[in-house]
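The structure appears right after this line, and notes come after that.
The values are calculated or read from the model by the stated rules, or taken from the named source; none is laboratory data. Here the structure is a predicted model, which means the values were calculated and not measured. We place every Cβ from the backbone using ideal geometry, glycine too, and count neighbours over all the protein chains shown.
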Amino acid sequence: MNLHSHRKDEHVMIAEKLYRKKSSNGLEGVRLIPANLPEISLDEVSLSTTLAGKKIEAPFFINAITGGSETTDRLNEKLAMAAAATGLAMAVGSQSIALKDPAFARGFERLRSINQDGIMLANLGAGHPLKNAEQAVRMISADALELHLNAAQELVMPEGDSSFYWLDNLVELKKCLNVPVLIKEVGSGMTPQTLKILAENNFSYVDLAGSGGTNFAAIENERRKGKETLSFMQELGLTTAETLLGARKHERELHGLALTASGGIRNAEDIVKCLVLGAENVGISGMFLHVLIKDGTDGLIERIEELKLGVRTLMALLGCRTVSELKKTQVILSGELKNTVEQL
């Protein structure tokens, strides 16, 4: 048995287990205020926005989940079918396993034939060299590349890395690749300080990936024999709401950095709240995986269409015809959330 492939199966099993615990993404501390005179009709609302500079027809997408074993390849194929049927963009899980063993590349390669015309994002860790990044992009004919920052995951992982000199490599990849690069967290949330560094180095796209959703430090801790030793690692970081509000607070210093929000998104209200707080689009992993496992591909397609209707309906209620207009709407923050943001 390939240990890397087995770890992919473990990740899915643990992610589904942790999903049921419903950690807070902080968005419950954000209240939307309906417009009493919205002066709009539902059919005037447009859901289109951009992801890594590419136009997408809905403001949410299937974020990185899995791939690299028989079980996870089947899940990825079903996700790609749902993406093709609904017009959603889709990011694959880390392709590092396919670079180490070409036998695992076939599962990723099949996805493009299933989702021939859709927006697809490749995915690698931040430390991979240019040749690996180019190979990952070619593998699925990707429209963009997610490069994930996962120091906490690696430190908790029994077989993980312990050296994290990434910035120069990220700059090199952005400079040399012929597709856009999106820098992604994996469940700890990006701080305003990190966002400033990325903006200063001319990055354009980030996925904030706040806590409250799939947390790879928590997943890897479940795989450890001594779970209590590093259990505190899974509690570190900023929630989805906190990292969005931190970015908004320092907006002038971020030079137009386009934000993807992710982390514990469970319904249309969560999506709209993220868009109101400044996100261009919203990535969803855990909830889509849960629905797929429970209800299959048809159930996932149905849920996606329900989310589209829910987002459109909320936008009409707020009097917003476009995603960009949502950023101008007022929200009420809980005292706890407001106090936290003041410290960022």
Practice task
Inspect all residues belonging to segment 59-68 and state whether any of them is more than 19 Å from the chain's Cα centre (by Cα), of a type in the set (S, T, N, Q), on the phi < 0 side of the Ramachandran plot and surrounded by 22 or more Cβ atoms within 10 Å (Cβ to Cβ).
Solution key: no
Handout entry: Those residues of segment 250-283 which are farther than 14 Å from Thr194 by Cα, of a type in the set (D, E, K, R) and surrounded by fewer than 24 Cβ atoms within 10 Å (Cβ to Cβ), in sequence order
Key = Arg252, Arg266, Glu269, Glu280
Practice task
For segment 194-204, state whether one or more residues are buried (at least 17 other Cβ atoms within 10 Å of the Cβ), assigned to a helix (DSSP H, G or I), modelled with pLDDT of 95 or more and of a type in the set (D, E, K, R).
Solution key: no
Exercise for the section: Please go through segment 298-344 and pick out each residue that is under 22 Å from Asn76 (Cβ atoms), touching a residue at least 40 places away in the same chain (Cβ under 8 Å) and surrounded by fewer than 17 Cβ atoms within 10 Å (Cβ to Cβ). Expected result: Glu305
Problem - Filter result for the condition that a residue is surrounded by 15 or more Cβ atoms within 10 Å (Cβ to Cβ), closer than 17 Å to Ile301 by Cβ and hydroxyl-bearing (Ser, Thr, Tyr), over Thr72, Thr86, Thr49 - result: Thr86
Practice task
Select from segment 289-344 the residues that are part of a helix (DSSP H, G or I), over 21 Å from Ala84 (Cβ atoms) and aliphatic (A, V, I, L, M) and list them in ascending order.
Solution key: Leu314, Met315, Ala316, Leu317, Val323, Leu326, Leu337, Val341
Exercise for the section: Would you be able to tell me the number of residues in segment 116-169 that are among the hydrophobic types (A, V, I, L, M, F, W, C) and either farther than 15 Å from Pro180 by Cα or modelled with pLDDT under 95 (or both)? Expected result: 10
Problem - Residues of segment 150-180 classified as touching a Lys or Arg at 6+ places or on another chain (Cβ under 8 Å) and either of a type in the set (Lys, Arg) or surrounded by 23 or more Cβ atoms within 10 Å (Cβ to Cβ) (or both), total - result: 1
Exercise for the section: Could you look through segment 150-193, keep only residues that are without any contact (Cβ under 8 Å) to a residue 12 or more places away in the chain and not in a loop (DSSP other than H, G, I, E, B), and pick out the one that is nearest to Thr214 (Cα to Cα)? Expected result: Glu154
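A quick yes/no check of all residues on (1) under 30 Å from Tyr165 (Cβ atoms); (2) surrounded by fewer than 21 Cβ atoms within 10 Å (Cβ to Cβ):
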residue	(1), (2)
Ala82	no, no
Ser96	yes, yes
Pro102	yes, yes
Phe108	yes, no
Asn123	yes, no
Gln135	yes, yes
Asp143	yes, yes
Completion exercise
The residue from Ile265, Ile271 that alone is in a helix (DSSP H, G or I), β-branched (Val, Ile, Thr), at pLDDT 95 or above and in contact with a Phe, Trp or Tyr (Cβ under 8 Å, 6 or more places away or on another chain) is Ile271
Exercise for the section: Kindly list the number of the only condition in (1) farther than 18 Å from Leu32 by Cα; (2) in contact with a strand residue (DSSP E or B) (Cβ under 9 Å, 6 or more places away or on another chain); (3) assigned to a loop (DSSP other than H, G, I, E, B) that fails for Thr260. Expected result: (3)
Problem - Scan of segment 58-86 for residues that are closer than 14 Å to Gly283 by Cα and free of Cβ contacts under 8 Å to residues at least 60 places away in the same chain, ordered by number - result: Ala83
Fill in the blank from the handout: Of the conditions (1) under 30 Å from Leu238 (Cα atoms); (2) among the small types (Gly, Ala, Ser); (3) in contact with a helix residue (DSSP H, G or I) (Cβ under 6 Å, 6 or more places away or on another chain), the single one that Gly118 does not satisfy is (1)
Practice task
For Gly213, indicate whether it is in contact with a strand residue (DSSP E or B) (Cβ under 8 Å, 6 or more places away or on another chain), in contact (Cβ under 8 Å) with a residue 60 or more places away in the chain, on the phi > 0 side of the Ramachandran plot and not in a helix (DSSP H, G or I).
Solution key: no
Practice task
Considering only segment 289-344, state which residues are closer than 26 Å to Gly237 by Cα and β-branched (Val, Ile, Thr).
Solution key: Val331, Ile332, Thr340, Val341
